[in-house]
Amino acid sequence: MTAPHVHPESERIHHQRLLDVYGALLTEHQREACRLHLDEDWSYGEIAERFRCTRSAAHDLVRRATAQLARFEERLGHEAELRRRDAVEAELRLQLRVTVVAG
């Protein structure tokens, strides 16, 4: 469920990153449903057709898989570490640009 203060697009991006980091730990079925929904922007109806299930079942599949991804992150913290490293890299690149321009 989306927290009231989290923008839906930010949540989608967060889930996409979690899928990139932990997708291999999901079942193939879960991984494909998440990929189609998050990366390809398929509706739950389209996913239901692909997997020959109801729209509700497709929604539940994606919801359970993204919850599983969040649990992996809570336990392992790899995505947070990648975010931290990205921030350090961005700061270093900024410092390099300032040094080159000033030099």
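So the values come out like this:
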{"read-out": "Qualifying residues in region 2-11 (those that are part of a helix (DSSP H, G or I) and open to solvent by 50 Å² or more (accessible area, probe 1.4 Å)) - the one modelled with the lowest pLDDT", "value": "PRO8"}
{"read-out": "Residue list for region 70-79, filter: open to solvent by less than 60 Å² (accessible area, probe 1.4 Å) and in a helix (DSSP H, G or I)", "value": "ALA70, PHE72, GLU73, GLU79"}
{"read-out": "Among the candidates ALA57, ALA33, ALA24, ALA67, residue that is at pLDDT 95 or above and either basic (Lys, Arg) or buried (at least 18 other Cβ atoms within 10 Å of the Cβ) (or both)", "value": "ALA33"}
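The values are calculated or read from the model by the stated rules, or taken from the named source; none is laboratory data. Here the structure is a predicted model, which is why all the values come from computation and not from measurement. Glycine also receives a Cβ, built like all others from the backbone with ideal geometry; neighbour counts cover every protein chain displayed. Side chains included, ligands, DNA and RNA excluded: accessible areas come from the protein's heavy atoms. Shrake-Rupley method; radii C 1.70, N 1.55, O 1.52, S 1.80 Å.
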